[in-house]
1. Which ones in segment 609-631 are part of a loop (DSSP other than H, G, I, E, B) and among the β-branched types (Val, Ile, Thr)?
2. Could you grab me the full set of residues in segment 172-207 that are under 18 Å from Arg228 (Cα atoms) and either polar (S, T, N, Q) or under 48 Å from the mean Cα position of the chain (by Cα) (or both)?
3. Residue check, Ser199 against (1) hydroxyl-bearing (Ser, Thr, Tyr); (2) at pLDDT 85 or above; (3) open to solvent by less than 50 Å² (accessible area, probe 1.4 Å); (4) in contact with an Asp or Glu (Cβ under 8 Å, 6 or more places away or on another chain), all met but one. Which one?
4. State the number of residues belonging to segment 287-302 that are assigned to a strand (DSSP E or B), among the β-branched types (Val, Ile, Thr) and surrounded by 21 or more Cβ atoms within 10 Å (Cβ to Cβ).
5. Exactly one of (1) in contact with a helix residue (DSSP H, G or I) (Cβ under 8 Å, 6 or more places away or on another chain); (2) crowded, with 17+ Cβ neighbours inside 10 Å; (3) in contact (Cβ under 8 Å) with a residue 40 or more places away in the chain is unmet by Gly213. Its number?
6. Looking at Asp457 and the list (1) modelled with pLDDT of 75 or more; (2) surrounded by 15 or more Cβ atoms within 10 Å (Cβ to Cβ); (3) part of a loop (DSSP other than H, G, I, E, B), which single condition is not satisfied?
7. Report every pair of residues separated by at least 6 positions or lying on different chains whose Cβ atoms are under 6 Å apart, first residue within segment 609-627 and without any contact (Cβ under 8 Å) to a residue 40 or more places away in the chain, second open to solvent by 50 Å² or more (accessible area, probe 1.4 Å).
8. For the structure I just gave you, tell me whether Gln266 is modelled with pLDDT under 85 and either under 30 Å from Pro320 (Cβ atoms) or open to solvent by 20 Å² or more (accessible area, probe 1.4 Å) (or both).
Amino acid sequence: MSAVSDDIETVDAARKALREISGALGVSAILLAVMLAAVLVADRDVVAPIGALALALSLSLAVVVMRRTRRITHARDDVLAQEREGREQLDRTLAATRRFLETESPLDLRRQICAVALEVFDCTAVSLSEVASDHLLLLERVPWGHPYSGADRQPIGELPGLREALETGAPHFVADVAETASGSTQATAEVVGGGSVLSVPIAVGGVTGLVLGLLWDRVIPEPQGTRRLAPQRFADQAGLALEQARYRAAQAEIASLNRTLRAMVQTDPLFRAHGTVADVSAAICEKALTVFEAAGAALWVEADEGIELRLRRPAAAILPPRIRIPFAEHPDFGDDLASGHPHFLADVEHEDPVLWERYARHSGSRSQLRVPLASAGQARALLVLSWSEPVPPPTAEVSAVASRFADQAGVALAEAARRDARVELAELHARFERSLLPSIALESDGATAATFYRPGDDRLSLGGDFFDCLELPDGSIALLIGDVAGHGPAAAALGAGLRNAWCALVLGGWPLEDVLGGLQAVCVRERHDPYAFVTAIAAAVTPDRRQLRFASAGHPAPLAIGAAPMNDADNGPPLGVARGAAWPVTAVALDPVASVLLYTDGLVEGRAAPGATERLGTGPVTELLAGLAPGGVTAADLARLVAAATVANGAGLADDVALLALNLRR
């Protein structure tokens, strides 16, 4: 509209000049008529003065008209030149703004707007600021230089007339900002050498929220006509492009959020799955890369006044597993754990230069999102997501998804830790139980031992049955087998205690006749139940391998290949039943090649056949044993004996089973 008004004013001025020329010509015509009349009456006194006057007046009017016409022509030429220049600039503006359509990211578009404006309007610098209450917050500047650091704030009131321009949406021109402005705005203008500035409001979505600042390092005339119209049209196109970019970014964000939510739904089974801490840690990092479209994911745990890296995907040489970062050097990590909320770093290089130089720049971690993983109400782990290029802060929706992800990941880690602890405890218990079983090694030629052990309780590696075999300094071989009444850890503990006590007695030189008495005292002292009892056999093979001597405390007699049957041997009461009891010793001769089998009643107390009421007894076991070669019974042979008893029973044997076979050759 201003350009059209200028054209109308120019036309009006031309019309006024024409009217003035017409009036001057009318006066000249009248004077000429008077002079002609004087000639007709032949009055010389009248003709001469009138003629001179008419001639002078005509010449004066001609000069005035020529000067006036020249000025109007020059003014008109200037207006037309400015109009042409303004229209050319407007055409360049409209052509240049098409480049906005090539930019997708709102952040990149802000930089592009400033760069294009710098090119179109031939100014020294261009800035783009956000209207924030009573201030303008600098968002972008081309070229970017001192003193602008990305957080420059300019009070609107320091530039007279700017507030009114923002309210009306009209461009605001200041010929010399250093003289007109006040406060920090004036100081900044003096530092950068600012001259004139044209502030052009930009409306996005119908709301004036941005200001485009065109700056010159010299004082220029105020733009008029289309020269003033071009920046406004540029701002309109920039506002439209920003609105479209924000719309595209919002659509992309919605799509990304939908993908994130779908990935979260698919991630749920992961957190319910079984696995070790290492398995779950790897799954958390790998899923985080997909869910949040990150370039890196690292899981850190709190350790010794700092954090220790458990795992990173992908791996980075600068960050090997188990590397520690002390809180004293980087306290932000401790604060992040304590806060319990996600913490975003848009640019690690500027926000934490020390961390950037030490680790982040080498691992490609420009932007970071640190998410505490809480379990039992307290965060002990930190998931750090990273991107190789600066990314915008996460929206509230994405932050909520990150918190949800962290909650489930924290629960998964806690459950995995409990599973690992249970497995470790079970392995420790199993190792402890296995350590209670003897490791039999006979050094004499012609003597070997084979063993078999299976507890009746599947939860334990060791039951109430126990056995041992020792070669003594005099060349004799001592044997022990026993069965604690009952099952479970208490029975296993009592059996292990009795075996250790037996080792101490025989290695201490106690005679065979007294060994069971010593075990009786231990049984009474160590048993958990005052009514608990133990059956046992303490035996010894003489140094010459010709005789087996044994004392039985209510236990099944040994079986042998290459020796007389022992079913009728003397038998005393079980340990822990009768005070002052005696346990007689039985002696049995051995063939030059023989095998002696000590066993617990779990082998023979099963059913003789599936569903039968009769017990298996020693008959089938003796028959099977008779089929073996004397002096060569192996652990595999013992396993086959137990397997046959299991098949006959029709199910697993309910009681503990222990077998000790001593093979002798002389």
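1. Within segment 609-631, Thr613, Thr618 qualify.
2. If the condition is that a residue be under 18 Å from Arg228 (Cα atoms) and either polar (S, T, N, Q) or under 48 Å from the mean Cα position of the chain (by Cα) (or both), then Ser196, Val197, Leu198, Ser199, Val200, Pro201, Ile202, Ala203 are the ones that fit.
3. With (1) hydroxyl-bearing (Ser, Thr, Tyr); (2) at pLDDT 85 or above; (3) open to solvent by less than 50 Å² (accessible area, probe 1.4 Å); (4) in contact with an Asp or Glu (Cβ under 8 Å, 6 or more places away or on another chain) applied to Ser199, the lone miss is (4).
4. Of the residues in that region, 0 qualify.
5. Among (1) in contact with a helix residue (DSSP H, G or I) (Cβ under 8 Å, 6 or more places away or on another chain); (2) crowded, with 17+ Cβ neighbours inside 10 Å; (3) in contact (Cβ under 8 Å) with a residue 40 or more places away in the chain, Gly213 violates only (1).
6. Status for Asp457: all satisfied but (1).
7. Arg615/Glu605
8. Judged against the criteria, Gln266 is a match.
The values are calculated or read from the model by the stated rules, or taken from the named source; none is laboratory data. Quick caveat: nothing in here was measured; it's all calculated off a predicted structure. With ideal geometry, Cβ positions are generated from the backbone for all residues, glycine too; neighbour counts draw on all protein chains shown. The accessibility values were calculated without ligands, DNA or RNA, using every heavy atom of the protein model including side chains. Shrake-Rupley method; radii C 1.70, N 1.55, O 1.52, S 1.80 Å.
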